[in-house]
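Reviewing the structure listed below.
The values are calculated or read from the model by the stated rules, or taken from the named source; none is laboratory data. Just so we're clear, the structure is a prediction, and the values are computed from it rather than from any experiment. Every residue, glycine among them, receives a Cβ derived from its backbone with ideal geometry; neighbour counts consider all protein chains shown. Remember, those area values only see protein heavy atoms, side chains included, never the ligands or the DNA or RNA. Shrake-Rupley method; radii C 1.70, N 1.55, O 1.52, S 1.80 Å.
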Amino acid sequence: MLRLFYFLFLISFSTTAQINFTDEAINLGLNVNTGITYLGNGVSFCDYNQDGWDDITLTTGVGQSLRFFKNINGVFLEETFDLISTEYQTKQVNWVDFDNDGDKDIFLTSDVNGLRLIENTGNLVFQDITANSGIPIENFYTYGASWGDYNNDGYLDVFISNRDSNFIIPNYLYKNNGDGTFTNVSTQAGILNTSELSFCSAFFDFNNDGWQDIYVSNDKVINQNRLYKNNGDNTFSEISESSGTDISIDAMTTTIGDYNNDGWQDIYITNGPAGNVLFKNNGDETFTDIALQTGTIFNSIGWGAVFLDAENDMDLDLYVSGSLDGSYPNYLSSAFYINNADETYALSSNSGFLYDNGASYSNAIGDIDNDGFPEILVSNNDNENVFLWKNNTVSNNNWLKIKTVGVLSNKDGIGTKIEISVNGEKQYRYVHCGEGYLSQNSSTEIVGLGTNTIVDYIKFNWLSGTEDIFYNVASNQTLSVVEGSSSSLSVNDSAMHNYNIWPNPVKNKLTLEAKELINFYEVYTILGVKIITSDVKDFSFKINTSQLNSGSYFLKFFTNKNNYTIKFIKL
């Protein structure tokens, strides 16, 4: 009988996961603090040298420059680069390929010394190009920066969140012109010109129409949060009131994730003691605050927050950082919420996180040892060492890691929606750059698969309109997915009623007819090289494909209302 009990215990233990995190920062080479800064500083968990290991970058207070830590097989070694002096208070750092040349550049914000755009000219050799880029050098009291492609032209634009206590400087949207320069398009795009103490924003597609929208968190009850709906014509409509997202709180983070796996991105916003907000996306361009019902209200002084599948059981858990240091017994200094898979969360008290009581502001996730289980990096204030919460969870659960590589879309695939189906159960990921409170998560998406070993399919909806689908994918691997590399002849589903194309595959002549007047079209190779461009000014056109080599190509055509991308095959 005792043997039977022991056998059943082993079975139970092997099929369930006990989440366990321990702070291994010092043991793994991160014996580092970031100084004393007003309202904290930022963290990036991005693989900046693109060697397949998530590196760490920290912004700092006065007297320290940016701190760079290279990941060497799960252990970190600090390194320095030849940069301009940054020994002033900095806020957020983004590693972003703004010029689509395949390497990561640096964008740095500060609330005391202006913005910096630093180009990676190759092999981590840098030059400051701010002065000639159109990005302002003067101090705008900037906290957050988030990147997205609001006009779907293949180049990443940047939204900067300014917290001007004089209530003069508003937020700005800078359009990437594709030539190393940016233009302030805030007024033309419909971004409000009022100053609202903004902390951060996030690009995401809240209504799944293929265009990136923007949500902004604003501090203090005198300021509403803002939701900007992308109209698909280079403009936005401010729809906070109609969407129900016009809350007036001490809003800090803007954390995006699909907590209930319904295909609609939700928003988590931290706050002071009145409680955090979890906006459930209702799928009809409205949201409902369900923080109280889900058990994620926090009721303390919350700052950074991040969704992650800690034990890879196919749903998103939630970690929240707080600025209280544990000396206030009725208020949390941090929280780890486990997803119960029934649209509720449980506040965990046995998942590790011992002594998680720093004055914490920013956090981000990555996978330091490439085992498919995510870690959490936390930046602490008051000269306290950072936390690196190592994921020691013992589990039979499997995983996938996914990295997106754009061709017609931006190089990093920012804005790509990923759908993962396992035994008919769906999960969703959305690729961001600059999200949460002053943070940047790993550019490799981590997806839990439970005990499943095969994924039914993975679907990628890129901002260009391209759709890729891969079937019967094996677990426990890292996929680097190039836009347009699947065998399906995919098109943007929303465009199906607007045009017809035939034959596809094609030998000698490709014909396209549309219901909208076509201005011009372009043809690209599968690697994104433009090989044909032509004006049309008609509702149809034909392309002589007889001289093309056999293989896959992209056709992109432009109307007054939209642009469409189609993949075709030349036989």
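Could you calculate the contour length gain from Tyr38 to Ala131, that is, 0.36 nm times the residue separation minus the distance between their Cα atoms, to one decimal place in nm? Each step should come with its number before you reach the end.
Values: separation 93, 0.36 × 93 = 33.48 nm, distance 2.70 nm.
Between Tyr38 and Ala131, full extension yields an extra 30.8 nm.
Each residue of the chain gets 157 Å³ once the volume of the Cα convex hull is shared out per residue.
For Asp456, project a label point 7 Å along Cα to C-beta. Then give me every residue of the range 402-436 with its amide nitrogen under 11 Å of that point. Taking a point 7 Å out along Cα→Cβ of Asp456, the residues of the range 402-436 whose backbone N falls under 11 Å are 420-427.
Distance between the pseudo-spin-label points of Thr235 and Asn392 (7 Å out from Cα toward the beta carbon): 5.8 nm. Taking θ as phi - 60° and the Karplus parameters 6.51, -1.76 and 1.60, the scalar couplings of the range 412-417 work out to 7, x, 4, x, 6, 9 Hz in sequence order, x denoting glycine and proline. Pull out a ≥ b ≥ c, the square roots of the eigenvalues of the alpha-carbon gyration tensor of the range 461-571, then state rounded if a/c is under 1.5, prolate if not and a/b is larger than b/c, and oblate in the remaining case. Note, shape of the range 461-571 comes out prolate. By a 1.4 Å probe calculation restricted to protein chains, Ser243 has an accessible surface near 0 Å², given to the nearest 10. On the beta carbon distance between Asn544 and Leu292, with R0 = 51 Å, the FRET formula returns roughly 0.20. A straight line joining the Cα centroids of the range 415-486 and the range 235-275 runs 23 Å. The alpha-carbon of Lys459 sits under 12 angstrom from the alpha-carbons of these aspartates and glutamates, leaving out residues fewer than 8 places away in its chain: Glu419, Glu467, Asp468, Glu483. The string of couplings for the range 515-531 from the Karplus curve (6.51, -1.76, 1.60, θ = phi - 60°) is 8, 10, 5, 8, 7, 7, 9, 9, 10, 10, 6, 5, 8, x, 8, 6, 10 Hz, one whole number per residue in order, with x for Gly and Pro. Is any residue of the range 299-315 close enough, with backbone N under 18 Å, to a label point placed 7 angstrom from the Cα of Glu425 along the Cα-Cβ axis, and if so, which? Only 308-315 pass the distance filter.
Using +1 on the beta carbon of Lys and Arg, -1 on that of Asp and Glu, and nothing else charged, what's the dipole of the chain about the Cα centre, debye to 20?
1220
Compute the signed sum of charges (Lys and Arg +1, Asp and Glu -1) over the other residues within less than 12 Å, Cβ to Cβ, of Asp55. Mind showing how you got there, number by number?
Working: positive: Arg67, Lys70, Lys104; negative: Asp47, Asp51, Asp54, Glu78, Glu79, Asp367.
Around Asp55, the surrounding residues sum to -3.
Other residues lying with their Cβ under 13 Å from the Cβ of Lys91 contribute a combined charge of +1, Lys and Arg counting +1, Asp and Glu -1.
Let's test the formula: R0 of 41 Å, r as the Cβ-Cβ distance of Asp284 and Ile72. What FRET efficiency results, to the nearest 0.05?
It comes out at approximately 0.25.
Distance from a point 7 Å along Cα→Cβ of Lys537 to each backbone N in the range 515-530: keep the residues under 13 Å and list them by number. Residues 518-520 qualify, since their backbone N sits under 13 Å from the label point.
Give, as a single signed number, the net charge of other residues whose beta carbon lies under 12 Å from the beta carbon of Val431, with Lys and Arg counted +1 and Asp and Glu -1. Before the final figure, lay out each step's value.
Details: positive: Lys403, Lys411, Lys417, Arg429; negative: Asp149, Asp205, Asp412, Glu435, Glu445, Glu483.
That works out to -2.
Taking a ≥ b ≥ c as the square roots of the eigenvalues of the Cα gyration tensor of the range 185-261, is the shape rounded (a/c under 1.5), prolate (a/b larger than b/c) or oblate? Oblate is the answer for the range 185-261, as a/c is 1.5 or above yet b/c matches or exceeds a/b. Solvent exposure of the range 378-497, expressed per residue, is 32 Å² of accessible area, with all protein chains present and a 1.4 angstrom probe.
Pulled fully out, how much extra length does the chain show between Asn123 and Val221, if you take 0.36 nm times their separation in residues and subtract their Cα-Cα distance?
On the way: separation 98, 0.36 × 98 = 35.28 nm, distance 4.61 nm.
Here the segment from Asn123 to Val221 would lengthen by 30.7 nm.
Taken one residue at a time, the phi angles of the range 546-551 give Karplus couplings (6.51, -1.76, 1.60, θ = phi - 60°) of 5, 8, 6, 6, 4, x Hz. Gly and Pro are set to x.
Around the amide H of Val407, modelled in the peptide plane, lie the amide H atoms of Glu483, all under 5 Å away and 5 or more residues distant in sequence or on another chain. Surface analysis of the range 93-135 yields an accessible area of 31 Å² per residue, using protein heavy atoms and a 1.4 Å probe.
Return the carbon/sulfur percentage of the accessible area of the chain, one whole number, probe 1.4 Å, all protein chains in place. Please list the in-between numbers first.
On the way: 10760 of 21530 Å².
Solvent-exposed carbon and sulfur of the chain make up 50 percent of the total.
Can you give me the accessible area per residue for the range 237-294, using a 1.4 Å probe, in Å²? Provide the component values of the computation, followed by the final result.
On the way: 1830 Å² over 58 residues.
Here the per-residue accessible area is 31 Å².
Ignoring the sites themselves, what is the longest stretch of the chain with no trypsin sites (Lys or Arg not before Pro) in a DSSP loop and at most 14 other beta-carbon atoms within 10 Å?
On the way: sites that count: Lys220, Lys507, Lys561.
Answer - 221-506.
Cross-link partners for Lys104 among the lysines, with Cα-Cα distance under 24 Å and sequence neighbours closer than 8 places in the same chain left out: Lys70, Lys91, Lys175, Lys401, Lys403, Lys411, Lys417, Lys530.
Is the shape of the range 412-466 best called rounded, prolate or oblate, per the rule: a/c under 1.5 gives rounded, else a/b larger than b/c gives prolate, else oblate, with a ≥ b ≥ c the square roots of the Cα gyration tensor eigenvalues?
On the way: a/c = 2.98, a/b = 1.49, b/c = 1.99.
It comes out oblate by the Cα gyration axes.
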